[in-house]
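Readers should treat all values here as calculations from the given coordinates under stated rules, not as data from a laboratory. Since we're looking at a predicted model, the values are computed, not measured. Here Cβ is always computed from backbone atoms with ideal geometry, including for glycine, and neighbour counts include all displayed protein chains.
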Amino acid sequence: MTTRAEFLTRIRGQMATTPGLFPAESAERPARPRERLEVLRRELIERWPRSLERFRAEFERVAGVLHRAATPAEVPALLERICRERDARSVVTWATPRLGVDAGPALTAAGVTVHAMPTAVPHPDERQRLRDIIARADVGVTGAELAIAETGTLVLRSAAGQPRSTSLLPACHVALFDRAALVETLEQVGIVLEAWHDGAAPTGGGAVINFITGPSRTADIELTLTRGVHGPKEVHAIFVDAELPVARDD
């Protein structure tokens, strides 16, 4: 039987024969990240049309579907259409203040059962009940803290009223975002993350940040690709031209 020491020694020996290795270094943490983020946001807001088009191209490249709404008032009709096309009968959404849109009345009128997540942190028993509801839902509707143009990636933070399971368990995930969420590169995301963790943690904030790049994919040993095994089969994003009235922790 191979011991742990022998196993690691073998790995080190193989790595030593690999050409082109270079020393890895941690990136320097930015000073005053909140100030840098404010400057970055002012720069990005002027370039958002270009960022959106790049996001669209990359998002569609990974099988995402991008929709566009002029105002938050148009979002419920878009959601109703997405549900109708998939014969979805049950939808879970983040809490309305976290989503910026109340799609409940329009979806209910269309015969869709809507479950909005509570804004308060639920009791463990209630949390399990909500998780069961989310797992049975056809569509999960969330916001998005960031939309990364260079990779077509959506970034979501968990918190009270916005559980991560909403984007992970239903077969179809729909995320809403506006121009304030658009960033151009992963390097810029680093500044945002530093700003989020600069100072006291926000009340009610969760412990998880999800980076979502297209639908769930997995492949077997023969590289047969299958969608939806470990997450949604479909990922849609709705970009809202006007600002979404979202309650934010920071």
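Side notes on the structure shown:
- Look at the alpha carbon pairs under 8 Å that are at least 6 residues apart: their mean separation over the length of the stretch 1-136 gives a relative contact order of 16 percent.
- Whole-Hz Karplus values for the stretch 129-134 come out as 4, 5, 4, 5, 5, 4 Hz, taken residue by residue from phi with 6.51 cos²θ - 1.76 cosθ + 1.60 and θ = phi - 60°; glycine and proline positions read x.
- Based on the convex hull around the alpha carbon atoms, the chain presents an average projected area of 18.3 nm².
- The charge dipole of the chain, taken about the Cα centre with unit charges on the Cβ atoms of Lys, Arg (+1) and Asp, Glu (-1), comes to about 420 debye, rounded to the nearest 20.
- For the stretch 31-240: relative contact order, % (alpha-carbon pairs under 8 angstrom, 6 or more apart): 28 percent
- Cβ-based exposure ranking for 74, 25, in which fewest neighbours within 10 Å come first: 25, 74
- Sorting 239, 211 from the fewest to the most surrounding beta carbons within 10 angstrom yields 211, 239.
- Full-extension gain in nm, residue 85 to residue 14, via 0.36 nm per residue minus C-alpha separation: 20.3 nm
- Computed over neighbours whose Cβ is under 12 Å from that of residue 216, the net charge equals +2, Lys and Arg +1, Asp and Glu -1.
- Karplus-derived 3J(HN,Hα), 6.51/-1.76/1.60, for each residue of the stretch 65-77, Hz, glycine and proline x: 10, 9, 10, 9, 10, 6, 9, x, 5, 7, 5, x, 5
- The amide H of residue 182, built 1.01 Å from its N in the peptide plane, has 147 as neighbours under 5 Å, considering only residues 5 or more places off or on other chains.
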